[in-house]
Amino acid sequence: MKRVADLASPSRRDLLGFGGFGLAMAAAEGIVPSAYAYATDRKAKPRGTARNVIYYEVSGAISHIESFDFKESKGMPKDIDPRRVAPDLMLPHLLFPRLEKQIGRFAIQRSMLSHEEVHFRGQYYVQTGRQLNLAFAREIPAIGSVIASELESRRRAADTFPAYMSFNLDKAIPGALSTGFLHPRYSVVDINPDAATKGMALDEKAVALLEERWRLLSELRKADRERVGKMGREMAGYEDFYETAHQLLSDTRWPAAFQISAQDKERYGNTPVGVSCMLARNVLREDAGTHYIHICHPGWDHHVQIWDRKAASNHYTLCQEFDPALTSLIEDLAATPSKAEPGKTLLDETLVVVMSEFGRTPGELNNMAGRDHYNKCFPVLFAGAGVKPGLIVGKTDADGTRCLDTGWHRKEQPRIENIVATMYSALGIDWTKELRNTPSGRAYPYVDPLGPAGYIPTEDIVSIYG
């Protein structure tokens, strides 16, 4: 269920004012069985260095050879001004003038491999950590929902914010995925950044009206409890939906998290992704229960006119959105004290992961002056939560076509499964765990070791920690 509410009318319909719950769909489908967890014979030692994870999805696939695995090519324009910013790293100064000053905070893994090479499947892959299988897709939860279920026991009485939030994920081709077989309370709350900036606070009269409506609804639910209790767990999902919405609208930290200044808009860029990054910072700063945030930055699918400034979308324009948004987010996380751990910053306790679903074709441009999909090599950026700053692991050939060094202890290139394991590990979650009693009867491993051509490594990428 996704909707942008009428902010002027704080009725029961409004829910969160401007967001969308993925849980309603899961609840309506009734996929909420009991799930039993089993350890496996695989050994995991979760690092537990992070309280939070931010996953910044460069959706549509950035050209890796013109960004974080820079290679000279005939298709490259003359004006991007590539500069050496580290011994083994060139960046186009024109495209990333601010990020080049913060790039030393990141560890870059440049030898990623994807199973997928089309957007829907690739973006489903980064949301779920596994290939799309239509026979079981209905029961597969998003990674954020798994994290929300795992962190449920850590929630404090004052934690009213959802554990899993996203910004702009409705712009991804698959949309914001549901909880699958997990309980709907572990759903994403997806925020539309355009609507989020139009106001949220309820005045005293609106709060009084909200509470009166909540009282009446509670009385109705109490009177009808016996009948509703026979309707199954899907109805329980809706009950939880209402409870969550009421908690948020009653918490003064919720509207506070959506206040952004003119100065912030100037620094981050007054764009959907800029606003998304501001709000992600604000939500974590409130320390109210959110620990996994997915930011979607769409539009990078430049098959045509990638370097044409007159085109509706081009690499210049998207980088002008990306550079201030990501840079400001990293700057502010590094400057914001942690409320949970004195002496630490939000960046110290937050793993930031920046990645596309795959890369783009190296070499010359195609016959439409663009670049197509390429899944054989592409980079991922990590920062915070113990990641070693300035580290670069993995290496490709002179064209960015072929992996020469995988950058970790395996001869196989790391894949998105390993990114998922790395995020789980950082949060202290045993990524080798399996859940059973699913609707299909198949075990659900947190990280699936079965790839398209057989067994694949499922370790976390420890090389980024130095």
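The values are calculated or read from the model by the stated rules, or taken from the named source; none is laboratory data. The model shown is predicted, which means the values in this text are computed figures rather than measured ones. FYI the Cβ positions are ideal-geometry reconstructions off the backbone, even for glycines, and counts take in every protein chain you see.
Summary table below
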read-out: Any hit, the range 292-302, residues being among the aromatic types (Phe, Trp, Tyr) and either in contact with a Ser or Thr (Cβ under 7 Å, 6 or more places away or on another chain) or over 29 Å from Asp405 (Cα atoms) (or both); value: yes
read-out: Among residues of the range 68-89, those that are in contact with a His (Cβ under 9 Å, 6 or more places away or on another chain) and closer than 15 Å to Thr396 by Cα, counted; value: 2
read-out: Failed criterion for His294 (all others in (1) under 30 Å from Ala157 (Cα atoms); (2) part of a helix (DSSP H, G or I); (3) touching a residue at least 60 places away in the same chain (Cβ under 8 Å); (4) not basic (Lys, Arg) hold); value: (2)
read-out: Whichever residue in the range 49-81 is in contact with a Leu (Cβ under 7 Å, 6 or more places away or on another chain) and either surrounded by fewer than 23 Cβ atoms within 10 Å (Cβ to Cβ) or assigned to a loop (DSSP other than H, G, I, E, B) (or both) and, among such residues, is modelled with the lowest pLDDT; value: Gly75
read-out: Pick from the range 383-411, criterion exposed (fewer than 15 other Cβ atoms within 10 Å of the Cβ) and of a type in the set (A, V, I, L, M, F, W, C), ranking: nearest to the chain's Cα centre (by Cα); value: Leu404
read-out: Selection status of Glu417, out of contact with any Asp or Glu (no Cβ under 6 Å at 6 or more places or on another chain), under 29 Å from His291 (Cα atoms) and surrounded by 21 or more Cβ atoms within 10 Å (Cβ to Cβ); value: yes
read-out: The range 168-197 residues that are in contact (Cβ under 8 Å) with a residue 40 or more places away in the chain, paired with ones that are acidic (Asp, Glu) and surrounded by fewer than 23 Cβ atoms within 10 Å (Cβ to Cβ) (beta carbon under 7 Å, 6 or more apart); value: Ala176/Asp170; Gly180/Glu139; Phe181/Glu139; Pro184/Asp240; Arg185/Asp240; Asp190/Asp170; Asn192/Asp170
read-out: Residue count for the range 82-105, restricted to those that are crowded, with 16+ Cβ neighbours inside 10 Å, under 24 Å from the mean Cα position of the chain (by Cα) and farther than 17 Å from Glu321 by Cβ; value: 2
read-out: Flag if Val380 is surrounded by 23 or more Cβ atoms within 10 Å (Cβ to Cβ), in a loop (DSSP other than H, G, I, E, B), of a type in the set (A, V, I, L, M, F, W, C) and in contact with a strand residue (DSSP E or B) (Cβ under 9 Å, 6 or more places away or on another chain); value: no
read-out: Asp448 vs. criteria more than 19 Å from Gly359 (Cβ to Cβ), surrounded by 20 or more Cβ atoms within 10 Å (Cβ to Cβ), acidic (Asp, Glu) and within 22 Å of the chain's Cα centre (by Cα); value: no
read-out: Residues being in contact with a helix residue (DSSP H, G or I) (Cβ under 7 Å, 6 or more places away or on another chain), not in a loop (DSSP other than H, G, I, E, B) and not aliphatic (A, V, I, L, M) - total across the range 84-109; value: 4
read-out: Which numbered condition Val32 fails, given (1) buried (at least 18 other Cβ atoms within 10 Å of the Cβ); (2) over 21 Å from Ala325 (Cα atoms); (3) touching a helix residue (DSSP H, G or I) at 6+ places or on another chain (Cβ under 7 Å); (4) modelled with pLDDT of 90 or more; value: (4)
read-out: The listed residue being at positive phi and touching a residue at least 24 places away in the same chain (Cβ under 8 Å), out of Gly451, Gly441, Gly370, Gly390; value: Gly390
read-out: Filter result (in contact with an Asp or Glu (Cβ under 7 Å, 6 or more places away or on another chain) and within 12 Å of Cys319 (Cα to Cα)) within the range 295-309; value: His297
read-out: Positions within the range 337-377 being buried (at least 18 other Cβ atoms within 10 Å of the Cβ) and basic (Lys, Arg), in sequence order; value: Arg360, Arg371, Lys376
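Residue-wise test of (1) out of contact with any helix residue (DSSP H, G or I) (no Cβ under 9 Å at 6 or more places or on another chain); (2) in contact (Cβ under 8 Å) with a residue 24 or more places away in the chain.
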site	(1), (2)
Ala340	yes, yes
Asn375	no, yes
Asp397	yes, no
Arg402	yes, yes
Gln413	yes, yes
Ile419	no, yes
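One line per residue, one yes/no per condition, for (1) crowded, with 24+ Cβ neighbours inside 10 Å; (2) in contact with a helix residue (DSSP H, G or I) (Cβ under 6 Å, 6 or more places away or on another chain); (3) at pLDDT 95 or above; (4) within 28 Å of His373 (Cα to Cα):
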| residue | (1), (2), (3), (4) |
| --- | --- |
| His297 | yes, yes, yes, yes |
| Glu321 | no, yes, yes, yes |
| Ala325 | yes, yes, yes, yes |
| Ser328 | no, yes, yes, no |
| Ala335 | no, no, yes, no |
